[in-house]
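Heads up: the structure comes next, in structure tokens.
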Amino acid sequence: MFSDDELSDDKFLCGRLHLLQPIKGYRAATDPVLLAAACPAKPGESVLDLGCGVGAAALCLGLRVPGVRLEGLELQPDYADLARRNSERNAIPVEVHEGDLARMPAAIRKDFDHVIANPPYYPPGGSPSPVPGRARAMQVETPLADWVAAASRRLRPGGWLTLICGADGLPQVLGAMGSKLGSAAVLPLAPRDGRPALRILFQARKGGRAAFRLLAPLVIHHGPAHDGDRESYTPEANAILREGADLLARFR
């Protein structure tokens with residue numbers, strides 16, 4: 001487990017959420033915030049966060065939707081421990097389970113209203129991070145298709161999968177839908193106006209039959225390039241990443 005001097009205490013959503021994270025290791029940034037903002041969960045509904053890490057996505061969702069029932073699955077015990085600690089210190093209940101999505105613990109072999117996931121999407125090979133936990137959290141070991149299949153097994157009929165991944169992973173995600181998932185929508189996430197989307201938010205419904213939709217991109221930053229220390233988020237991105245707004249209107 002991480003010792004206290006190996007951790008930082010980081011503010012999310014303008015300080016409404018405080019997360020302990022490893023100084024050296026995988027550190028949550030904007031992806032889990034965007035993921036939580038896109039999940040259409042309502043109070044009383046159940047949500048499973050696959051690969052929950054330190055709990056960032058689940059806790060952002062729990063802050064936005066009080067009363068949602070949250071559970072998480074995390075492969076790395078030290079990150080699962082941080083997720084539990086972050087749940088307690090933010091007073092947002094999350095039941096965190098340790099295990100592999102290919103061999104899920106018996107406690108989560110049940111139906112959920114929603115599954116959310118932020119799988120690793122850096123391709124294997126190259127120079128991995130020298131910090132094993134960071135490398136495992138960021139580089140692909142389990143194919144995206146397996147994440148989609150695992151999520152589909154955990155969804156109740158009519159339940160929703162919401163996933164964030166690299167744009168180059170979209171063909172794998174679409175190919176993994178099979179006959180169980182439908183009503184899919186893809187929201188490209190463009191770093192700046194006129195730039196290619198590097199990430200996408202994907203949403204699909206178990207048993208859905210609506211036509212596939214490719215949505216207009218969400219642009220994250222103003223201007224053609226980073227401008228020093230000035231705040232560069234677009235108004236919509238700022239509302240999501242700093243103020244906790246949702247992305248649900250984009251998917252309706």
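What is the calculated FRET efficiency for E95 to D4, with r their C-beta to C-beta distance and R₀ = 25 Å, to the nearest 0.05?
In this case the efficiency is close to 0.55.
Which percent of the accessible area of the chain is formed by carbon and sulfur heavy atoms (probe 1.4 angstrom)? Here it works out to 53 percent.
Near L7, the amide H atoms lying under 5 Å from its own belong to I23; only residues 5 or more places off or on other chains count, and H is placed 1.01 Å from N. Close amide H partners of E95, meaning residues 5 or more places away or on another chain with modelled amide H under 5 Å apart, are L70, E71, G72.
Given the choices (i) 15.7; (ii) 14.4; (iii) 13.4, mean projected area of the Cα convex hull in nm² derived from the coordinates of this structure is entry (iii). Holding the Cα-Cα limit at 27 Å, pick out from K110/K180; K42/K180; K24/K110; K24/K206 the pairs that are longer than that. Over 27 Å apart, Cα to Cα: K24/K110; K24/K206. Taking packing as the residue-averaged number of other Cβ atoms within 10 angstrom, the listed peptides 37-45, 199-207 run from highest to lowest as 199-207, 37-45.
Within the chain, antiparallel bridges make up roughly 45 percent of the DSSP beta bridges whose residues both belong there.
Solvent-accessible surface of the chain, taken per residue with a 1.4 Å probe and all protein chains present: 46 Å².
In terms of packing, defined here as the mean over residues of other Cβ atoms within 10 angstrom, the peptides 187-195, 78-86 line up highest first as 78-86, 187-195. Ellipticity at 222 nm from helices only: DSSP H runs of n ≥ 4 in the chain, each -39500 (n - 2.57), divided by the residue count, give -7000 deg cm²/dmol.
Taking a straight Cα-Cα cut-off under 17 Å and skipping sequence neighbours fewer than 8 places away in the same chain, the aspartates and glutamates within cross-link reach of K11 are D31, E88, E231, E243.
Under 5 Å from the amide H of Y26 lie the amide H atoms of R134, each residue being 5 or more positions distant or on a separate chain, with H modelled from the backbone and absent for Pro and chain starts.
The values are calculated or read from the model by the stated rules, or taken from the named source; none is laboratory data. On a predicted model such as this, the values are computed, not experimentally measured, just so you know. Ideal geometry is used to build each Cβ from the backbone, glycine not excepted, and the neighbour counts take in all protein chains shown. Ligands, DNA and RNA are stripped out before the accessible areas are found, and what is left, the full protein with its side chains, is counted by its heavy atoms. Shrake-Rupley method; radii C 1.70, N 1.55, O 1.52, S 1.80 Å.
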